[in-house]
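Down below is the structure, laid out as structure tokens.
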Amino acid sequence: MTSDQERVSPAPLAPTWCSFQSLCSDAEAAIVSAHCLYSLATLEVYYSPDQTCFAIIERQQCDVWRWAAFSNEDSTITEGWERDREDAKKAAEQALYLCRQNQIARD
């Protein structure tokens with residue numbers, strides 16, 4: 001291995017969306033379900049890579065998806081509604097990105 005290769009660290013794994021039903025622990029499920037306003041059946045969760053924030057999406061109506069981002073201190077950062085699931089995911093991911101940028105700036 002060359003010295004240049006040794007200095008390059010592997011890219012962190014990108015977080016992925018997961019369904020409420022696939023959460024690993026009861027503690028995670030309790031935190032996330034406390035923020036659900038409509039349906040656990042449609043609830044999906046996305047954690048920031050450093051685990052300081054998380055986002056959810058859930059179906060409010062057939063053509064309305066709620067998205068929201070939260071800090072781990074249990075405060076709502078922002079929320080909104082989109083017409084489809086993919087747009088809701090994009091909005092939530094953007095909110096998490098801004099959350100992380102704000103936390104970096106404070107540190």
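None of the figures in this text is laboratory data; all of them are computed from the coordinates on show. Note that the structure is predicted; figures quoted are calculated from it, not measured. Here the Cβ is made from the backbone with ideal geometry for all residues, glycine too, and neighbour counts use every protein chain on show.
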Long-range amide H partners of T78 with built H, under 5 Å: A69
Residues with amide H under 5 Å from that of C36, placed H, sequence gap 5 or more: none
Given charges at beta-carbon only (K, R positive; D, E negative), |dipole| of region 16-106 in Debye: 160 debye
Where a label projected 7 Å from the Cα of C24 along Cα→Cβ would reach, residues of region 68-89 with amide N under 13 Å: none
Phi-based couplings in Hz for region 20-35 (Karplus 6.51, -1.76, 1.60; Gly and Pro marked x): 4, 5, 9, 4, 7, 10, 5, 5, 4, 4, 5, 5, 5, 5, 5, 9
Cα gyration tensor shape for region 16-106, rounded if a/c is under 1.5, else prolate or oblate: oblate
Net charge of Cβ neighbours under 10 Å - reference E82; Lys, Arg +1; Asp, Glu -1: +1
Amide proton proximity set for T42, modelled H, under 5 Å, gap of 5+: R59
